[in-house]
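What follows draws every value from the coordinates through simple rules; no lab data is involved. Predicted model only: the values in this text are computed from it and were never measured. Every residue, glycine among them, receives a Cβ derived from its backbone with ideal geometry; neighbour counts consider all protein chains shown.
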Amino acid sequence: MKAGNSLLSGMGATVFAVFSALAAEHRAINLGQGFPDDRGPEDVLEVAARSLLEDSNQYAPMMGLPILRQALAEHGRRFYGLSFDPDREIMATSGATEALAACLLGLIEPGDEIVLIEPFYDSYLPIIQLAGGVARTVRLEPPSWSLTRENLARAFSSKTKAIVLNNPMNPAGKVFSRDELEMIAECVIAHDAYAVCDEVYEHIVFDGKPHIPLITLPGMRDRCLKVASAGKIFSLTGWKIGAVSGCERLLHPASRAHQYLTFSSAPNLQKAVAYGLNKDDAYFSELASTMQARRDRLRQGLQSIGFDVLPTEGAYFLIVDIRSTGFDDDVAFCRHITTKAGVAAIPVSAFYAEAPTKQLVRFCFCKQDSVLDEAVARLRAHFSPSPRSPCLE
Ligand code: PMP
Ligand code: GLN
């Protein structure tokens, strides 16, 4: 029999699916796949529930409900001084995953080069490859994950169509500085390229740092597609409502991909997200401060057991260097703690095209305090008296 698509047929399940399944099988606390265990804002849930019963449940407009596009435009104005035309420059999608796929499929011609900053979120590379693009990676090194002009420039060429910039960055927890963003903007402009800006964690930035969308830098308004996720803004990852904002010339091809990928997404959820985006500033600052407190709680807990924890400036994740535990393979370590200690985490090697190291593991901290405390207690009991002597029964 003929084989399916050669790229997809050869792929396994994503690292998130694998470790969530292993966590469920072993009743482990799941600090692997990034999803909050909050209910999400009650008023947003109520709008969705009411709309499900009272409004139309037929296809929403392909570009998204007007009320949602208006709210996204207003959100861009309120937080970043951006002015997007809701009728021509904003598109609602089925999560950021679909938004990213639509942007990349809309931009890439076979043979185009796409710059990825490594480590990178797992969906980017397969979509680039499916579109016939070629990824060129710029590798950032822990613990600072700094971007240098030299390394960035090396990844760009006359064939570069776009860079994918994930800021704040999963899994590294890095927030790009203005200097770094300026370097990226310079390279993009110098190569007549574009930027697909995955900013799903835009409201989860810590220690008073600002989130600076690349699209706000000089010369970038017509070169960036800015991707958002309501899943992250409202701790409702199951809803899969996302959005793309950007100039009409770039959004148009992305919308042509979107109309054949999903066409549209659940209208009641779109309406509730529109409502949520209009919440007062306190909602957004509390989201960041709550997540920051959780970051600090898990970091202190992991450090108190003796783990070597890297700094995190944004997003949901802490990275731990596992060498002090005697392990030298992140996948083996994650399998070990999921099955033997009852805590799941994600191997960071999954975020590389070819991992240079297998010594880093990602723990997700967007959980209730009691869950984080229990996870630390389980790890402490397992690695007691110190991480140097894991109980490898
Ligand atoms: N980009 C990054 C960096 C992510 O971490 C995620 C997943 N949480 C996504 C995109 C996908 O977002 P969504 O769930 O809205 O599809
Ligand atoms: N973004 C989530 C993470 O990094 C996973 C989303 C998914 O499972 N596809 O953990």
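Between residue 57 and residue 262, how many nm apart are label points set 7 Å from Cα along the C-beta direction? Calculated label separation equals 1.9 nm. When the convex hull of its Cα atoms is viewed from all sides, the range 1-150 shows a mean projected area of 15.3 nm². The value obtained for the chain, namely the Cα convex hull volume divided by the number of residues, is 149 Å³ per residue.
Applied to the range 58-67, the Karplus parametrisation 6.51 cos²θ - 1.76 cosθ + 1.60 on θ = phi - 60° returns per-residue 3J(HN,Hα) values of 8, 3, 6, x, 4, 7, x, 4, x, 5 Hz, with x for Gly and Pro.
Give the separation of the Cα centroids, the range 1-76 to the range 156-171, in Å. Result: 24 Å between the Cα centres. Within the shell defined by Cβ-Cβ distances under 12 Å, the residues around residue 15 carry a net charge of 0, with Lys and Arg each +1 and Asp and Glu each -1. Indicate the gyration tensor shape class of the range 191-283 (rounded, prolate or oblate), computed on the Cα atoms with a ≥ b ≥ c the square roots of the eigenvalues: a/c under 1.5 is rounded; otherwise a/b larger than b/c is prolate and the rest oblate. Cα axes put the range 191-283 in the oblate bin. Against the chain, whose longest principal axis is taken from its Cα atoms, helix 248-261 shows a tilt of about 70°. The angle between the Cα long axis of helix 267-277 and the main principal axis of the chain comes to about 80°, on a 0 to 90 degree scale.
In the P(r) worked out for the range 203-340, what percent of Cα pairs fall beyond 27 Å?
43
Over the Cα atoms of the range 34-118, the radius of gyration divided by the Kirkwood radius equals 1.04; this is the Rg/Rh ratio.
Summary of the geometry: the range 322-342 and the range 191-230, compared by the centres of their Cα atoms, lie 35 Å apart. Cross-link pairs exceeding 25 Å between alpha carbons, from the set 232/271; 232/358; 226/358; 174/226; 174/232; 226/271: 232/358; 226/358. The Rg/Rh ratio for the range 93-194 is 0.94, where Rg is the radius of gyration of the alpha carbons and Rh is the Kirkwood radius. Of the residues 301, 144, 24, the one whose Cα sits farthest towards the positive end of the charge dipole of the chain is 24 (charges of +1 on Lys and Arg Cβ, -1 on Asp and Glu Cβ, taken about the Cα centre). Sort the range 268-393 into rounded, prolate or oblate with this rule: let a ≥ b ≥ c be the square roots of the eigenvalues of the Cα gyration tensor; rounded if a/c is under 1.5, and if a/c is not under 1.5, prolate when a/b is larger than b/c, oblate otherwise. Prolate, because a/c is 1.5 or more and a/b exceeds b/c.
Shape call for the range 301-364 from the C-alpha gyration tensor, a ≥ b ≥ c root eigenvalues: rounded (a/c under 1.5), prolate (a/b greater than b/c) or oblate? Taking the square roots of the gyration eigenvalues as a ≥ b ≥ c, the range 301-364 is rounded. Which whole-number percent of Cα pairs in the range 126-284 have a distance greater than 19 Å? Result for the distance tail: 60 percent.
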